[in-house]
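Throughout, read-outs are computed from the coordinates displayed, never taken from laboratory work. Not measured: the values here are computed from a predicted model. Cβ placement follows ideal geometry from the backbone for every residue including glycine, while neighbour counts extend to all protein chains displayed.
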Amino acid sequence: MTSTSTRRLAQALPIGLIALLLATIVGPIAALLLKSLMDRQGQFIGLGNFARYVAEPGLSVAIWNSVSLSSVSTILTIAIAFPYAYALHRSQIPAKGLFRVIMLVPLLAPSMLPAFGMIYLFGNQGVLKSWLMGHAIYGSIGIVSASVFHALPHAVLILSAGLASGDQRIYEAARALKASPLKTFTNVTLPSCQYAIISAACVVFVIVFTDFGIPTVIGGSINVLATDIYKQVIGRFDFELGAVVGMLLLIPALVAYLVDVMARRNQRATFSGRSVPVEPGASRGRDAALLGFVVVVGICILGIIGMALFGSLVRFWPYNLTLGLHHYEKAMSDPDELRSLVNSLVLASSTAIAGTLLVVLSGWMVSRKVFAAGMTQTLQALAMVPVAVPGLVLGLGYVFFFNNPANPLHILQGSMILLVLCTIAHFYTVPHLMAVGGLVKLDRETDLAAQALRSGPVATGRRIHIPVLGPTLVDIAGYLFVNAMTTVSALMFLFNAQTRVAAVAVVNMTEGSRFGQATALAVLVMAVCLLATALQMMARTLIVRRQTWRRPAS
């Protein structure tokens, strides 16, 4: 490739990527907003659809259920996640690595799997039904319980980042001033991680508020906005009211995102170059209590997953408890269900490959600042939009945007390509930030040296930046693969008979009361994610070992 061709390619990269993000993120959201302001004949009616939806008798109930259940789930999740993360980073309990792995297991399963486990444990025929003292698991109790299980790993990861950083000198000063452990905790530890708590609470609230799988499986007659949007679009074919519900779902996500952004801007650095990493001292009482806590939480996590696995092996719950692969054989012998699992593998693999390439390009452009400032800022702004857009909202926006005959991309409607684009767009922000974070650590002197050697930005990125980013690339690919395998909300309105994925098939089986097959298919999805995560860890370790420049000089 000549230098002129390389220069033209470098100039076209940011323009092409910005155009792609506009088409896959901004365009669908704008189409959703426009649809909510029009009637069925395509005439602009302003807020008429919103007024029509307000008149719906179940609106206030759905909004109250969504807000109240999400709030309760958030409080319970943070109340469990904080001591769990505290035990991992501020105590001397044994087997910390094991407890970290246990906490990450729910991330590898569809959100419906904990709901299945809850049903087998506490349902009408559950083994522990008596524990609910006459209350039914179907409804508020089930939604909150399964939501806490589903959102707990996200909260622990965020809180772990806040608790992992700290200055040992502050704790030594508190000890010298004879401050009690409780006073040190309230005056030093909590203030130092208050923004991590706020961030975790915002993330958990949005996850629960916008989740579709759990209310569908275990919600019973409880109506929430996430299921109401499905009823409006699929049940009543009222796309205008569906767009209205989508806009309502967007509001709390935007508010939570803005609260998180404001909290991060007000956050002060708690770890400087002179800081000493925190080394928790020994305390038998504290460590024993924390060890007991994480053991109980770990047993609950493994118990719910294990019960779902057990239910998938039982021939006919609870009347025939003979164990076998009956449900797995039925799922694999059904051409439609087998195709859905293959489609999930295709979707996840394509998302991992194409998504990693795109986020590395955007992260490189933003972090190295080799293009015009306006393009870099636009790219960064577009990359941050998906984090505030729920999957259901984005998926419905794709229907309106790509189903429009005037759109040249109309031919993608219902195709696997469109599902891949939607999945990449839905999970774009976190991998983009991972790429930026990995590249900003590389000193600008390397770019200056490349310029002195007359190496263009493309060649420098290929020879220096990409190799440095090797381990992060594996993490990004693994993140996209797992999320593509387990997501359901963003794809609920986009598939057809040939492109239906496994997570959506699980929901369809649940609606058809085929709980055994649904649980088996959900377990298969989790097994694929477990295998992918193991391969990711092996690949990352291999790459790090082969990068000899990372080792200190002898």
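Report the FRET efficiency, 1/(1 + (r/R0)^6), for residue 527 and residue 41, where r is their Cβ-Cβ distance and R0 is 35 Å, rounded to 0.05.
0.10
Between residue 75 and residue 289, take the C-beta separation as r, use R0 = 22 Å, and let me know the FRET efficiency to the nearest 0.05.
E(calc), rounded to 0.05, equals 0.55.
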